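Derivation of every value follows stated rules applied to the coordinates shown; laboratory data play no part. Worth saying up front: this structure is predicted, and the values here are computed from it rather than measured. Cβ atoms come from the backbone with ideal geometry, glycine included; neighbour counts cover every protein chain shown.
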Amino acid sequence: MAELPEQVTDSAAFTPSAEDIASVEAWFADYDKMAARGDAAASADVAMFPLNVVSDGPSGNGSAAQWDRETYLATMSQVIAGGTTMDSTREPIFLTGNLVVVITNATFTTGDQVQRVRYADVLVRRDGRWLFQTMIQGGWGDYLGTSQ
C-alpha cells in the first residue's frame with residue numbers, strides 16, 4: 001500500500017473546536033431562516049455547485065444526481081415554499097476542519113400538518129465560509145430524474 005499523505009492521516013485525529021461547531025450551527029440557523037421564508041435563491045447562494053443529491057425511492061434502489069443552480073432553484077422553490085416552521089436537532093460529524101457531515105432530525109409543521117424527517121448534508125468550507133455540497137435524504141429517488 002502506498003504511503004498516505006500526512007493531511008489524510010492527520011484527519012483521523014481532528015477534533016472540532018467549540019468555534020468550529022458554532023460556525024456550523026450558525027450556518028444552519030441562517031439556512032433554516034431562508035427555508036422558512038421560502039427563499040430558494042438565497043439558499044442557492046450557500047451551495048457549492050454542482051450539488052450532489054442522494055436518495056432512494058419506493059423501489060428500494062438508491063439514486064443520485066448532480067444539480068446545477070437552475071435545477072436546484074426549480075426544485076427547491078417548490079419544496080421550501082415558505083410558511084413552514086422547523087424544529088431540528090443536528091449532529092455535526094467533522095472529518096476535518098473543512099469537511100463536515102451533519103445528520104438532522106427535524107419536525108416540519110405547516111398549518112395542522114406535522115412531518116418528521118431525517119437527512120444529512122455534507123458541508124465544505126471554502127474561503128472561510130461553509131457551503132453545502134451534498135444533500136442526502138430518503139424517499140426522493142423517483143424525483144431525481146435518474147434511473148434507479
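Summary table
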{"item": "Selection count where residues are among the small types (Gly, Ala, Ser) and either under 9 Å from the mean Cα position of the chain (by Cα) or under 30 Å from residue 20 (Cβ atoms) (or both), scope the stretch 108-148", "result": "3"}
{"item": "Flag if residue 24 is surrounded by 12 or more Cβ atoms within 10 Å (Cβ to Cβ), touching a Leu at 6+ places or on another chain (Cβ under 6 Å) and either closer than 24 Å to residue 129 by Cα or not β-branched (Val, Ile, Thr) (or both)", "result": "no"}
{"item": "Where residue 56 falls short, out of the listed (1) surrounded by 13 or more Cβ atoms within 10 Å (Cβ to Cβ); (2) out of contact with any strand residue (DSSP E or B) (no Cβ under 6 Å at 6 or more places or on another chain); (3) not polar (S, T, N, Q)", "result": "(2)"}
{"item": "Odd one out for residue 37 among (1) under 19 Å from residue 131 (Cβ atoms); (2) surrounded by 13 or more Cβ atoms within 10 Å (Cβ to Cβ)", "result": "(1)"}
